[in-house]
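A.B. asks: The structure follows.
The values are calculated or read from the model by the stated rules, or taken from the named source; none is laboratory data. Model, not experiment: these values are computed from the prediction. Here the Cβ positions follow ideal geometry from the backbone for every residue, glycine too, while neighbour counts run over all protein chains shown. Surface areas here come from the heavy atoms of the whole protein model, side chains and all, with no ligands, DNA or RNA. Shrake-Rupley method; radii C 1.70, N 1.55, O 1.52, S 1.80 Å.
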Amino acid sequence: MNTEVLKTFCDLVDTGSFSKAAGVNYISQSAVSQQLARLERELATQLVTRGGGIVTPTEAGKAFYRGAKDILRRYEQVLGEVRSAADSIRGVLRVGTIYSVGFYLLDPYVREFLKAHPEVNLHVEYTASSRIYTAVINDQMDLGVVAYPQRQRLVEIIPLVGEELVVVCPPTHRLARRKTIDAAELNGEKFVAFDKSIPTRRNIDRLLKGERVKVNIVMEFDNIELLKRAIYVESGLSILPLDNVVREVRLGDLGFCRLRNAAKWVRSVAVIRRRGKTPSPAERMLLGILRAELAKAKRGSSRRKTR
């Protein structure tokens, strides 16, 4: 009996389905059935019942499930301890981040981390949030940095910061001369948006709907640089994290105005990691820098606003 068989059985009980258990373990439904049959032969007892299309554990199956969960939990802990010890020597750290966070929020702190800890071999991958969740769960990445983190059973969420969302427009647009506007003033405006698959787009849509605002979406992008370029050539307005446009605003290429009730126009950014996995020393170092520096930046921003 090996840990893969134990995991498949636990997934079978958790999902109540042979097909779903097969899917999450990347094996055939027949393979799940064969593994279960071998388990029941070895233990000389029936572990599950099948009825109404749902798989239910027997009393013996429940006892085996609890034991298997404990074994898998301990096995993952041991693996984490071994990797932690190895990483303290090799200093390997794999991080995934979405583009709009990595380029504008994360980059200076990554540079600071590398300067302070040159012995760490840091791999940063800029990619889509869906890829980050999969890679973190499958242990292909140690940490992921995402916007609007999604609750998942195998994912631990560590909140980092909230980024203010603002209306971004060409510098010649009438709203560029305004400091603060009501969301209702965006009704009917031409709008350049993130692609629908991106969590930031989904949450901005939700906020606009809550304000009963309907914009005219004329372009969609999965690349924030192209999106900003479209605003610059006056294709439309957008709502973006202020951090993402500071440089263009300073150069006079873009303008922006804040939204009234700014407290709700905030994009949450968090670190995700595999739940139950022991953090390596390099992981703890990077998290420490991120938390300390972002907290310092937030305090500085709060002081500027109150002056």
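A.B. asks: Kindly report the accessible area of segment 216-277 per residue (heavy atoms of protein chains, probe 1.4 Å, no ligands, DNA or RNA), in Å².
C.D. replies: 48
A.B. asks: Hey, another quick one. Counting only DSSP beta bridges with both residues in the chain, what percent are antiparallel, rounded to the nearest 5?
C.D. replies: In the chain, approximately 60 percent of DSSP beta bridges are antiparallel ones.
A.B. asks: Structure shown: which of Lys115/Lys228; Lys228/Lys264; Lys209/Lys264; Lys115/Lys277; Lys62/Lys277 lie over 20 Å apart, alpha-carbon to alpha-carbon?
C.D. replies: Lys115/Lys228; Lys228/Lys264; Lys115/Lys277; Lys62/Lys277
A.B. asks: Build a GNM of the chain with springs between Cα atoms under 10 Å: which of Gly276, Gly67, Gly96 gets the top mean-square fluctuation?
C.D. replies: Of Gly276, Gly67, Gly96, the Gaussian network model singles out Gly67 as fluctuating most.
A.B. asks: How much accessible area does Phe191 have with a 1.4 Å probe, in Å² rounded to the nearest 10?
C.D. replies: Solvent-accessible area, nearest 10 Å²: 10 Å².
A.B. asks: With only alpha-carbon atoms in the gyration tensor, what are the semi-axes of the equivalent ellipsoid for segment 134-227, in Å, largest first?
C.D. replies: 31, 14, 13
A.B. asks: Set the Förster radius R0 to 35 Å, insert the Cβ-Cβ distance between Thr180 and Thr15 as r into 1/(1 + (r/R0)^6), and round the FRET efficiency to 0.05.
C.D. replies: Using R0 = 35 Å, I get an efficiency of 0.10.
A.B. asks: Can you compute the helix-only [θ] at 222 nm over the chain? Use -39500 (n - 2.57) per DSSP H run of at least 4 residues, normalise by all residues, nearest 500 deg cm²/dmol.
C.D. replies: It comes out at -14500 deg cm²/dmol, rounded to the nearest 500.
A.B. asks: Multiply the residue separation of Tyr75 and Arg50 by 0.36 nm, subtract the distance between their alpha-carbon atoms, and state the gained length in nm to one decimal.
C.D. replies: Contour length minus the Cα-Cα distance gives 6.0 nm.
A.B. asks: Another question about this same structure. Along its principal axes, what span do the Cα atoms of the chain show, with the longest given first and each in whole Å?
C.D. replies: For the chain, the Cα spread along each principal axis is 78, 51, 32 Å.
A.B. asks: Right, another one. Give me the one-decimal Kirkwood hydrodynamic radius in Å for segment 154-298, with the sum taken over alpha-carbon pairs.
C.D. replies: By the Kirkwood definition, the hydrodynamic radius is 16.6 Å.
A.B. asks: If you don't mind, there's one more thing I want to ask. Of all accessible surface on the chain at a 1.4 Å probe, what whole percent is carbon and sulfur?
C.D. replies: Carbon plus sulfur share of accessible area: 52 percent.
A.B. asks: Shifting gears a bit: Using a 10 angstrom cutoff on alpha carbons, build the Gaussian network for the chain and name the most mobile of Leu175, Leu12, Leu106.
C.D. replies: With Cα springs under 10 Å in the chain, the top fluctuation among Leu175, Leu12, Leu106 is at Leu12.
A.B. asks: Shifting gears a bit: Taking the Cα centre of each part, how many Å lie between segment 52-76 and segment 163-190?
C.D. replies: Value for the Cα centre distance between the two parts: 55 Å.
A.B. asks: Which angle between 0 and 90 degrees, to the nearest 10, do you get for helix 281-306 versus the longest principal axis of the chain when only C-alpha atoms count?
C.D. replies: 30
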